[in-house]
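Comments concern the structure below.
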Amino acid sequence: MTAGIRNDWFCMVALGTILSLASPCSLHAADTPRVAGGLVALYTFDDGRGAVVRDRSGAGQPLDLAIERPSAVQWQDGALVVRTPTRIRSSRPATKIIDAVKRTGVLTIEAWVRPANTRQGGPARIVSLSADASQRNVTLGQEADHYHVRLRTTATNRNGLPPTSTPPGTARTSLTHIVFTRDAAGNSRVYINGQQRASRKIAGDLSGWNGRFPLSLADEVTGDRPWLGTFYLVAFYGRALTADEVSQNFKSGVGGPTAAALARNRRVRFFETRIAPLLARHCLD
């Protein structure tokens with residue numbers, strides 16, 4: 001094969017790559033994009049295999065999570081099914097989340113989940129920044145057929161009591177979007193599938209949050225409050241999303257725009273670092 005033919009062949013392949021990058025599915029997000037402002041940590045459960053859940057937020061140093069017993073979970077397309085109890089936690093303190101919340105005094109926790117049943121209690125830990133069953137910064141949990149959030153402030157005890165709880169029947173075995181927000185005025189709200197289902201005023205501020213707590217999913221750090229079900233997305237924001245923004249993320253759906261954006265970014269990075277330099281050397285004519 002002559003040099004000219006080789007170059008022509010290479011340029012045709014490179015052109016195909018460019019066209020794939022420019023395809024409608026890669027250049028256009030879904031109709032409703034996810035809210036990105038203030039995002040601190042994001043888990044989309046698109047790893048597909050292994051014992052690590054990667055932080056996809058792109059904010060600061062990634063806070064990846066280790067699955068203690070990989071045999072207890074099953075990876076699916078864009079989801080992680082927790083079939084039997086296991087701890088999924090960061091190996092170090094969740095500093096970037098804790099520092100962001102202490103700096104702003106507000107936060108949002110978001111989760112797309114599907115509970116395995118409505119008999120779990122303790123509450124069963126879905127998402128938690130805590131040390132054990134009685135010391136925490138914040139916990140989103142399931143208590144039988146409702147959701148339960150404990151938030152530590154300077155006006156609560158170290159366990160974040162009293163909690164903010166949704167009404168009975170709000171926790172079901174169907175796919176559910178849960179969002180907890182706490183604004184600068186102390187107003188805490190829990191949204192289920194885009195609708196506010198609980199609210200209360202929590203006095204005090206968040207300056208007392210413990211900077212040594214790790215981030216845990218599916219159980220307490222001490223392994224005595226397991227939650228079973230499927231994770232599709234978990235996110236932390238260093239600000240309180242508005243009701244409209246919560247609705248926007250609900251309408252965005254599970255994974256769609258997030259997964260598309262991540263895939264698009266990976267393709268663009270591949271093109272910029274691998275393809276573009278070769279084009280510059282071989283295909284300028």
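Protection proxy ranking for 104-113, 194-203, 149-158, using the average of other Cβ atoms within 10 Å per residue and placing the highest first: 104-113, 149-158, 194-203. Charge dipole of segment 69-137 (Cα centre as origin; +1 on each Lys and Arg Cβ, -1 on each Asp and Glu Cβ, all else neutral): 180 debye, rounded to the nearest 20.
Please compute the length gained on full extension between GLN195 and ARG69, using 0.36 nm multiplied by the number of residues separating them and subtracting their Cα-Cα distance. Let's see the in-between values first.
Numbers: separation 126, 0.36 × 126 = 45.36 nm, distance 3.51 nm.
Difference between extended and current length: 41.9 nm.
What per residue convex hull volume, in Å³, comes out for segment 31-135 when only alpha-carbon positions are used? Working shown, then result.
Values: hull volume 14.8 nm³, N = 105.
Cα convex hull per residue, to the nearest whole number: 141 Å³.
Shown here is the pair-distance distribution of segment 164-231: with all Cα-Cα distances grouped in 10 Å bins from zero up to the longest one, the shares run 16, 36, 41, 7 percent. Using all pairs of distinct alpha-carbon atoms, the Kirkwood hydrodynamic radius of segment 116-227 works out to 14.0 angstrom. What you get for segment 151-235, charging only the Cβ of Lys and Arg (+1) and of Asp and Glu (-1), is a dipole of about 220 debye around the Cα centre. Taking a sphere under 12 Å around the Cβ of TYR232 and counting the other residues whose Cβ falls inside, with K and R at +1 and D and E at -1, yields a net charge of -2.
None of the figures in this text is laboratory data; all of them are computed from the coordinates on show. Keep in mind it's a predicted model, so treat the numbers as computed, not measured. So basically every Cβ, Gly included, is an ideal-geometry build from the backbone, and we count neighbours across all protein chains shown.
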